[in-house]
Amino acid sequence: MKGITFKINGAEITAPEGTTVLEAARMHHIDIPTLCYLKGVNQIGACRMCLVEIKGAKALQASCVYPVADGIEVLTNSPRVREARRVNLELILSNHNRECTTCVRSENCELQKLAKDLGVQDIPFEGEKSGHWIDDASPSIVRDETKCILCRRCVAVCRKVQGIGVLGPVGRGFKTQVQPVFNKSIADVGCINCGQCIVNCPVGALKEKSSIQ
Ligand code: FES
């Protein structure tokens with residue numbers, strides 16, 4: 001496969017053609033934060049935590065979906081990049097139930113870790129929250145929309161890995177939720193209770209039923 005040579009943070013590196021900037025950076029042990037990314041399963045550029053600066057491009061780019069190209073120059077940790085990631089994280093947190101001390105995923109939460117890593121201490125954005133439904137009708141899985149960050153990792157794993165596909169984005173814009181179809185409970189669709197959605201959720205939006213009893 002053809003090798004692509006380009007620069008990350010001033011250092012020249014080579015990666016196979018078709019590799020994304022994120023994957024190339026990880027091959028060379030350069031850290032770029034992610035939330036929605038699941039290698040080979042969910043590469044949709046939804047969370048914007050992996051933003052990087054590409055020299056000559058006006059807007060910051062999501063590195064998880066940006067393919068490497070000969071001669072590009074990437075900055076993964078510039079002040080502009082860090083500020084954009086922090087504001088994105090604050091926006092995600094502004095629509096998230098932040099009762100972390102009583103959350104089963106506390107200390108094992110990708111969102112909480114990122115907030116710490118990026119130095120988020122206040123959420124300047126207040127207002128209505130979009131998710132309200134805590135669906136606990138299933139015998140084994142609790143789906144808590146107040147904590148869902150709409151990364152769609154559960155959607156991709158359920159459909160592409162397990163071949164089931166009971167979850168998907170419903171609604172538009174601010175009202176978007178990840179749910180089974182037609183407002184149904186996860187107990188009333190073809191969920192096989194495999195738990196892969198729980199394993200791949202970066203936060204506490206999906207959890208084992210026993211864990212909250
Ligand atoms: Fe790239 Fe979410 S990890 S947009």
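Among the residues of segment 159-190, those identified as assigned to a loop (DSSP other than H, G, I, E, B) and touching a helix residue (DSSP H, G or I) at 6+ places or on another chain (Cβ under 8 Å) are Q162, I164, G165, V166, L167, P180, V189. Only residues that are more than 16 Å from the ligand (Cβ to nearest atom) and within 17 Å of the chain's Cα centre (by Cα) were counted across segment 76-97, and they come to 2.
Considering segment 62-75, the residues that are under 19 Å from M49 (Cα atoms) and in a loop (DSSP other than H, G, I, E, B) include one that is nearest to the ligand (Cβ to nearest atom), namely C64. Within segment 32-61, the set of residues being in a strand (DSSP E or B) and either away from the ligand (no atom under 13 Å from the Cβ) or within 14 Å of C151 (Cα to Cα) (or both) comprises L38, N42, E53, I54.
Let's see how each residue does on (1) in contact with a strand residue (DSSP E or B) (Cβ under 8 Å, 6 or more places away or on another chain); (2) surrounded by fewer than 21 Cβ atoms within 10 Å (Cβ to Cβ); (3) of a type outside the set (S, T, N, Q); (4) in a loop (DSSP other than H, G, I, E, B):
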| position | (1), (2), (3), (4) |
| --- | --- |
| H132 | no, yes, yes, yes |
| R143 | yes, no, yes, no |
| C148 | yes, no, yes, yes |
| C151 | yes, no, yes, yes |
| K207 | yes, no, yes, no |
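None of the figures in this text is laboratory data; all of them are computed from the coordinates on show. Everything numeric in this text was worked out from a predicted model, so none of it was measured. Glycine gets a Cβ as well: all are built from the backbone with ideal geometry, and neighbour counts include every protein chain shown.
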